[in-house]
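Participant: Mind having a look at this structure? Questions to follow.
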Amino acid sequence: MPRTEFAFTAADRRAWNRIGDALLPGYPQAGLPRFSATGAVELLPRLLAASPPDDVAALRIVVRLLAWLPCPLIRCVLHLLRFGGRAGGSFPGNACRLLELGLRGPLLACYYAGLDRDAEGASAIHTAIGYRISCDSE
């Protein structure tokens, strides 16, 4: 049975965009836009609807708390989670790995989904990374 999407408030959008911009700040020289410029945040409710409701509720609390931090400090927290995840044992290793996966996973999945299509249907992200789907009939 598919789950329904949860209500995604303006505060949720701002929070996810701030964390997304800290993780994916864009690289204009290569044609990669910032996370917030892609509109990828609109895919998050659909993506998170597949997760257990308790996990989504906990993740929303963490995201809203992180949104109050300045961008450089959000980047620092993300790096600390990555390095903390390398520690052995259940704490802090497993907790850091799960939190890092919970924050990075949805953001990266939405960013690389190609929602930033222009009038011709081309995604700037897919073009910049050289992603093309083609079928050759041989």
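Bear in mind that the values in this text are calculations on the coordinates, not laboratory data. What you see is a predicted model, and the numbers here were worked out from it, not measured in a lab. Cβ placement follows ideal geometry from the backbone for every residue including glycine, while neighbour counts extend to all protein chains displayed.
Participant: Need one number: nm distance between label points at residue 82 and residue 112, each 7 Å from Cα along Cα→Cβ, rounded to one decimal.
Facilitator: It is 1.4 nm.
Participant: Could I ask something else about it? Want the number for residue 91 to residue 136: 0.36 nm per residue separation, take away the alpha-carbon distance, what's left?
Facilitator: 11.2 nm
Participant: Ok, one more. How big is the dipole moment of the stretch 35-138 about its Cα centre under a simple scheme where the beta carbon of each Lys and Arg is +1, that of each Asp and Glu is -1, and everything else is neutral? Debye, nearest 20, please.
Facilitator: Dipole size: approximately 560 debye.
Participant: Spelling out what I want: for every residue of the stretch 100-109, take phi, set θ = phi - 60°, compute 6.51 cos²θ - 1.76 cosθ + 1.60 (Karplus), and round to whole Hz; glycine and proline get x.
Facilitator: Couplings: 5, 5, x, 8, 6, x, x, 5, 5, 4 Hz.
Participant: Among 41, 85, 135, flag the residue with its Cα farthest along the positive direction of the charge dipole of the chain, charges on Cβ as +1 for Lys/Arg and -1 for Asp/Glu.
Facilitator: So the residue we want is 85.
Participant: Something else: Can you tell which of 92, 106, 25 shows the greatest fluctuation in a Gaussian network model of the chain with Cα springs below 10 Å?
Facilitator: Top of the fluctuation ranking is 92.
Participant: With springs only between Cα atoms under 10 Å apart, run a GNM on the chain and tell me which of 35, 91, 83 wobbles the most.
Facilitator: In this elastic network of the chain, the residue with the biggest mean-square fluctuation among 35, 91, 83 is 91.
Participant: So how long is each side of the stretch 1-61 along the principal axes, counting just the alpha-carbon atoms, biggest first, in Å?
Facilitator: 44, 23, 17
Participant: Something else: Mind checking the angle between helix 53-66 and the chain's longest principal axis? C-alpha axes, 0 to 90 degrees, to the nearest 10.
Facilitator: 90 degrees
Participant: 5 Å is the cut-off here: which amide hydrogens, built 1.01 Å from N in the peptide plane, fall below it relative to residue 32, excluding neighbours closer than 5 in sequence?
Facilitator: When sequence neighbours closer than 5 places are left aside, the close amide H contacts are 27.
Participant: Next question, about the same structure. In degrees, nearest 10, range 0 to 90: what is the angle between the Cα axis of helix 71-84 and the longest Cα principal axis of the chain?
Facilitator: The angle comes out near 70 degrees.
Participant: If you take mean projected area of the Cα convex hull in nm² from the coordinates, which of (i) 16.1; (ii) 12.0; (iii) 11.4 do you get?
Facilitator: After the calculation, the listed value that fits is (ii).
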